[in-house]
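The values are calculated or read from the model by the stated rules, or taken from the named source; none is laboratory data. Predicted, not measured: the structure shown is a model, and the values here were computed from it. Note that we place each Cβ from the backbone using ideal geometry, even for glycine, and neighbour counts take in every protein chain shown.
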Amino acid sequence: DSTAYRVVHAEGDALPSLVVDRYGDLIVAQLLSAGLEAVRADVLEAIHDVLRPSAVLLRNDTSVRRHEGLPLEITAAAGSPPDEIDVREGTVRFGVRPREGQKTGAFLDQRDNRLLMGAVATGRCLDVFTYHGLFAIHMSARGQSVQAVDSSSAALAVARTNADRNPAGSSIHWVEANAFDHLRRLEQTGEQFDTVVLDPPAFAKARGSVERALRGYKEINLRAMRLLAPGGLLLTCSCSYHVSRERFTTMLADAAADSRRRLGVVRYVGQAPDHPELLTVPETGYLKGVLLRSLE
């Protein structure tokens, strides 16, 4: 139940190097290979014929294009793409600035997980690495209070604007801070939360950085586990492709042992189904996560 979703997920939809996202009547697309670039006109014609958008924006500014010898550019390919467009995700409304931000303007792969947390959040909620505040806003409809943390003042400014679009958004307390430092302070002061979300950026962007990334993941998860109130929920995620589900789960088990907390698995989660994963193309399945419950 959303007006923002992925239409084409590259290899996952048998269209390698092509990403097509829909935000209301706007289509934002990425052509990530020289082969696709050579047939750009055909791709745009197909988008028009099938999706009938009011405007098309090409977000061809991702660095992978450099490997193909292609320029980085953001181009209006049809109509007049707006600087910002309002979309809906369940009952939550937020703005997307398609020329700015990560990916095509929003992290659509976490949509179902945000809806999940909006349905199960209770009590005092903590959203770490909040970015544009979407997990926090979803949780604000059910939680008594929400604390949302990010190190980027620009991201928090967008998050506040998104919160203003929603009736419960005023209950969110925004904190500009380094996540590692803030989690440490919360632990030192004995804070407890009933619902915690950890949705960090990719800590491992190359194979050689996996071990360092796992140490970072373990630190934030260890501290988050210690912050959980009895019966509390922790959703923890990783979007690092180089960190496998197996290694991520092993890291969580090690963190749980060190935290001396008894935690049960509620469910394993991943990217939304409009981001299909191919068994033979592991790169298509980069997002992994676990919803845990404190059993104390």
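Here are a few things to note about the model shown:
- In region 172-201, the residues that are at pLDDT below 95 and within 12 Å of residue 126 (Cα to Cα): none
- Test for residue 37: is it crowded, with 16+ Cβ neighbours inside 10 Å, farther than 30 Å from residue 182 by Cα and touching a residue at least 24 places away in the same chain (Cβ under 8 Å): yes
- From the list 154, 168, 136, 229, the one residue that fits, being out of contact with any strand residue (DSSP E or B) (no Cβ under 7 Å at 6 or more places or on another chain), among the hydrophobic types (A, V, I, L, M, F, W, C), assigned by TED's automatic domain parsing to the domain that holds residue 248 and over 28 Å from residue 64 (Cα atoms), is 168.
- Restricting region 274-296 to residues that are outside any strand (DSSP E or B) and surrounded by 15 or more Cβ atoms within 10 Å (Cβ to Cβ), the residue that is nearest to the chain's Cα centre (by Cα): 287
- At least 3 residues being closer than 19 Å to residue 161 by Cβ is the threshold, and among the strands (runs of 3 or more DSSP E) wholly inside region 13-123 those reaching it are 85-89, 92-96.
- Any hit, region 202-215, residues being touching a Pro at 6+ places or on another chain (Cβ under 8 Å), modelled with pLDDT under 95, over 22 Å from residue 151 (Cα atoms) and surrounded by 14 or more Cβ atoms within 10 Å (Cβ to Cβ): no
- Qualifying positions in region 155-171 - over 17 Å from residue 126 (Cβ atoms) and polar (S, T, N, Q): 161, 162, 166, 170
- Qualifying residue in region 245-256 (condition: in contact with a strand residue (DSSP E or B) (Cβ under 6 Å, 6 or more places away or on another chain), touching a residue at least 60 places away in the same chain (Cβ under 8 Å) and within 22 Å of residue 114 (Cβ to Cβ)): no
- Selection within region 170-190 - among the hydrophobic types (A, V, I, L, M, F, W, C) and part of a loop (DSSP other than H, G, I, E, B): 177
- Residue within region 134-141 that is at pLDDT below 95 and part of a loop (DSSP other than H, G, I, E, B) present: yes
- Identity of the residue in region 122-144, surrounded by fewer than 24 Cβ atoms within 10 Å (Cβ to Cβ) and of a type in the set (A, V, I, L, M, F, W, C), that ends up nearest to residue 174 (Cα to Cα): 129
- Unmet criterion (only one of (1) surrounded by 14 or more Cβ atoms within 10 Å (Cβ to Cβ); (2) closer than 21 Å to residue 133 by Cα) for residue 222: (2)
- Cβ-Cβ contacts under 9 Å between residues 6 or more apart (or on different chains), taken from a first residue in region 90-105 that is in contact (Cβ under 8 Å) with a residue 12 or more places away in the chain to a second residue that is small (Gly, Ala, Ser) and in a strand (DSSP E or B), are listed as 90/2; 94/4; 96/4; 104/29; 105/4.
- Number of residues in region 124-133 that are among the β-branched types (Val, Ile, Thr) and in a loop (DSSP other than H, G, I, E, B) equals 1.
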